[in-house]
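To start, the structure under review is shown below, and the notes come after it.
The values are calculated or read from the model by the stated rules, or taken from the named source; none is laboratory data. Here the structure is a predicted model, which is why all the values come from computation and not from measurement. Don't worry about glycine lacking a Cβ; one is built from the backbone with ideal geometry, like all the others, and counts go over all protein chains shown.
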Amino acid sequence: MDVEAVRWVAAEVLVQFEAPEGDEYVITGVERVSQTWVVHYQSRRHLESGEIRHARAGNGPIRVTGDYTTTVADTALPTEHFVAEFESRGGETLDGHP
C-alpha cells in the first residue's frame, strides 16, 4: 500500500463525516507509524482562512491498516500510543471492533 492508496481510502472515510454547511474535510498529512498509516485532516474553511473558529476540534486521525481497514483514533494521547494499542490488539479498537 502506498501513500496515494492510503489517501484515497481516507478520503472515502472523510466524505462520510458531516462537515459544517459550506465546508468539507481535507487531508492535511499522511504518516506511517509502525505498521499503520495515520491520516490527519482538518476543515477546508479553517485551512483557507486560518481562523480558529473554523477549525475542527477533537478530530482524531484516521488509521488505515495494510488490509485497508479504517478506524478513527482518539485524541487524548499521542498518535503513537493509539497505534501501539491498536496493533497490540490485532487491529481491534477498545470496543472489540476494527
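Looking only at region 28-86, residues that are among the hydrophobic types (A, V, I, L, M, F, W, C), under 22 Å from Trp8 (Cα atoms) and in contact with a helix residue (DSSP H, G or I) (Cβ under 8 Å, 6 or more places away or on another chain) come to 9 in all.
Here is a check on your reading of the model: is Ser34 among the hydroxyl-bearing types (Ser, Thr, Tyr) and within 30 Å of Ser88 (Cβ to Cβ)? Yes. Return yes or no: is Val33 surrounded by 12 or more Cβ atoms within 10 Å (Cβ to Cβ), hydrophobic (A, V, I, L, M, F, W, C) and touching a residue at least 24 places away in the same chain (Cβ under 8 Å)? Yes; evaluated as a whole, the condition is true for this residue.
If you check Glu80 against the conditions, is it surrounded by 11 or more Cβ atoms within 10 Å (Cβ to Cβ) and either over 15 Å from the mean Cα position of the chain (by Cα) or β-branched (Val, Ile, Thr) (or both)?
Considered against the rule, which asks whether it is surrounded by 11 or more Cβ atoms within 10 Å (Cβ to Cβ) and either over 15 Å from the mean Cα position of the chain (by Cα) or β-branched (Val, Ile, Thr) (or both), Glu80 comes out as no.
Assessment of region 1-18 against the conditions (exposed (fewer than 12 other Cβ atoms within 10 Å of the Cβ), of a type in the set (Gly, Ala, Ser) and either at pLDDT 95 or above or over 13 Å from the mean Cα position of the chain (by Cα) (or both)) yields no matching residue.
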